[in-house]
1. Quick one: R57 ticks every box in (1) out of contact with any Pro (no Cβ under 6 Å at 6 or more places or on another chain); (2) in a helix (DSSP H, G or I); (3) open to solvent by less than 70 Å² (accessible area, probe 1.4 Å) except a single one, so which number is it?
2. Which pairs do you get when a residue that is in contact (Cβ under 8 Å) with a residue 12 or more places away in the chain, found in the range 18-42, comes within reach of a residue that is in a loop (DSSP other than H, G, I, E, B), reach meaning Cβ atoms under 8 angstrom, with the pair 6+ apart or on two chains?
3. Would you mention how many residues in the range 3-12 are without any contact (Cβ under 8 Å) to a residue 12 or more places away in the chain and either more than 13 Å from Y39 (Cα to Cα) or open to solvent by less than 80 Å² (accessible area, probe 1.4 Å) (or both)?
4. Select from the range 1-26 the residues that are within 27 Å of E55 (Cα to Cα) and part of a loop (DSSP other than H, G, I, E, B) and list them in ascending order.
5. Any idea which residue in the range 27-38 is farthest from V54 (Cα to Cα), counting only those that are open to solvent by less than 70 Å² (accessible area, probe 1.4 Å) and either out of contact with any helix residue (DSSP H, G or I) (no Cβ under 7 Å at 6 or more places or on another chain) or not aromatic (F, W, Y) (or both)?
6. Against the definition (touching a His at 6+ places or on another chain (Cβ under 7 Å) and surrounded by 10 or more Cβ atoms within 10 Å (Cβ to Cβ)), how does S52 come out, yes or no?
7. Do you know which residues across the range 36-64 are under 17 Å from V4 (Cβ atoms) and of a type in the set (F, W, Y)?
8. Criterion first (modelled with pLDDT of 95 or more and not in a helix (DSSP H, G or I)) does E31 satisfy it?
Amino acid sequence: DNAVIENFFGLLKSELLYLQEFESMAHFEQELNDYIYYYNHKRMKEKLKDLSPVEYRTQVLAVA
């Protein structure tokens, strides 16, 4: 049981997979890479003080 990855896959399906049709496997792979970049670098989370996950980790490491 891994709630974190199950949550990620739920978001992936609802925000990417169910919203568009893919022309090819290469198109799907590119969209998946774009989504993962967005998820880690641009998506702001209230729980992370309105920072993206990468910004939050960088900030925490700078303080430590």
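1. The one condition R57 does not meet is (3).
2. Filtered contacts from the range 18-42: E31/Q20; E31/F22; N40/S52; H41/S52.
3. 5
4. Of the residues in the range 1-26, the ones within 27 Å of E55 (Cα to Cα) are 2-17.
N2 - this is the single residue of the range 1-26 that is within 27 Å of E55 (Cα to Cα) and part of a loop (DSSP other than H, G, I, E, B).
5. As a first pass, look at the range 27-38 and keep what is open to solvent by less than 70 Å² (accessible area, probe 1.4 Å): 27-28, 31-32, 35-36.
Going one step further and asking which of them are either out of contact with any helix residue (DSSP H, G or I) (no Cβ under 7 Å at 6 or more places or on another chain) or not aromatic (F, W, Y) (or both), we end up with 27-28, 31-32, 36.
Values: H27: 26, F28: 24, E31: 20, L32: 18, I36: 12 Å.
Residue satisfying both the conditions and the ranking: H27.
6. Judged against the criteria, S52 is a match.
7. Answer for the range 36-64, where residues must be under 17 Å from V4 (Cβ atoms) and of a type in the set (F, W, Y): Y39, Y56.
8. Details: modelled with pLDDT of 95 or more: yes; not in a helix (DSSP H, G or I): no.
Answer is no for this residue.
The values are calculated or read from the model by the stated rules, or taken from the named source; none is laboratory data. Quick caveat: nothing in here was measured; it's all calculated off a predicted structure. Neighbour counts run over all protein chains shown; Cβ positions are idealised from the backbone, glycine included. Note: accessible area is taken over every heavy atom of the protein model, side chains too, but ligands, DNA and RNA are not part of it. Shrake-Rupley method; radii C 1.70, N 1.55, O 1.52, S 1.80 Å.
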